[in-house]
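A short worksheet on the structure shown next.
The values are calculated or read from the model by the stated rules, or taken from the named source; none is laboratory data. The shown structure was predicted, so the numbers you read here are calculated from the model rather than taken from an experiment. Reconstructed Cβ throughout: ideal geometry from the backbone, glycine too, with neighbour counts over all protein chains shown. Protein only, heavy atoms only, side chains kept; ligands, DNA and RNA dropped before computing areas. Shrake-Rupley method; radii C 1.70, N 1.55, O 1.52, S 1.80 Å.
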Amino acid sequence: MNDRLLLLRGTMPGIGMAVAEACSHRERLRRICSILSEIPGYDWVGFYTVDRPGGNRLVLGPFSGAPTEHVSIEFGRGICGRAAETMQTIMVGDVGAESNYLSCSPDVRSEIVVPVFFGCELVGELDIDSHRPDGFSPDDRRFLEWVAEIAAPSVAGLVRGDDGG
């Protein structure tokens with residue numbers, strides 16, 4: 001097993017504990033972002049939620065990293081919008097080569113966007129930017145798809161306007 005995979009697996013208990021905490025959905029997602037942002041190469045970590053059930057716009061939710069001007073993104077726009085439109089994980093090794101890239105920072109070199117589903121419904125996305133080119137591996141993808149799966153009830157709660165707790 002490689003070092004990266006060991007590092008990713010090592011964060012799983014903390015993420016599991018964050019999801020199980022008796023707190024609001026927003027706070028759970030904020031804690032997940034905080035844990036993920038400690039992983040080398042995960043330089044900006046955030047959740048976007050669908051603006052309303054069945055909506056076609058993403059709205060910035062909890063995040064860890066520098067503020068972004070992209071607080072609302074239409075489906076199809078940028079890498080986040082494309083992931084929402086196709087409902088598939090998108091890994092981009094060189095954002096500079098993407099014609100549809102919405103730049104958040106000149107330091108970003110690669111990005112991964114993982115759709116978040118609650119049941120069969122798209123409720124949001126987990127978006128991670130890296131300052132490293134080709135910053136994400138298949139191991140990162142599998143790990144982040146797991147994170148999206150266990151975060152889904154909290155993302156869905158925000159979409160429904162129920163912040164839980």
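Tabulated results
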{"item": "Dipole in debye (nearest 20) - segment 58-141, about Cα centre, beta carbon charges: Lys, Arg +1; Asp, Glu -1", "result": "20 debye"}
{"item": "Taking the C-alpha atoms of segment 1-139, convex hull volume expressed per residue in Å³", "result": "114 Å³"}
{"item": "Carbon and sulfur %, accessible surface of the chain computed with the full protein complex present, 1.4 Å", "result": "51 percent"}
{"item": "Whole-number accessible area per residue in Å² for segment 27-165, which is evaluated in the context of all protein chains at 1.4 Å", "result": "44 Å²"}
{"item": "Residue-wise HN-Hα coupling along segment 59-70, computed from phi with Karplus coefficients 6.51, -1.76, 1.60 (Hz; x: Gly, Pro)", "result": "10, 4, x, x, 8, 10, x, 5, x, 10, 7, 8"}
{"item": "Mean-position separation - Cα centroids, segment 73-104 and segment 144-165, in angstrom", "result": "21 Å"}
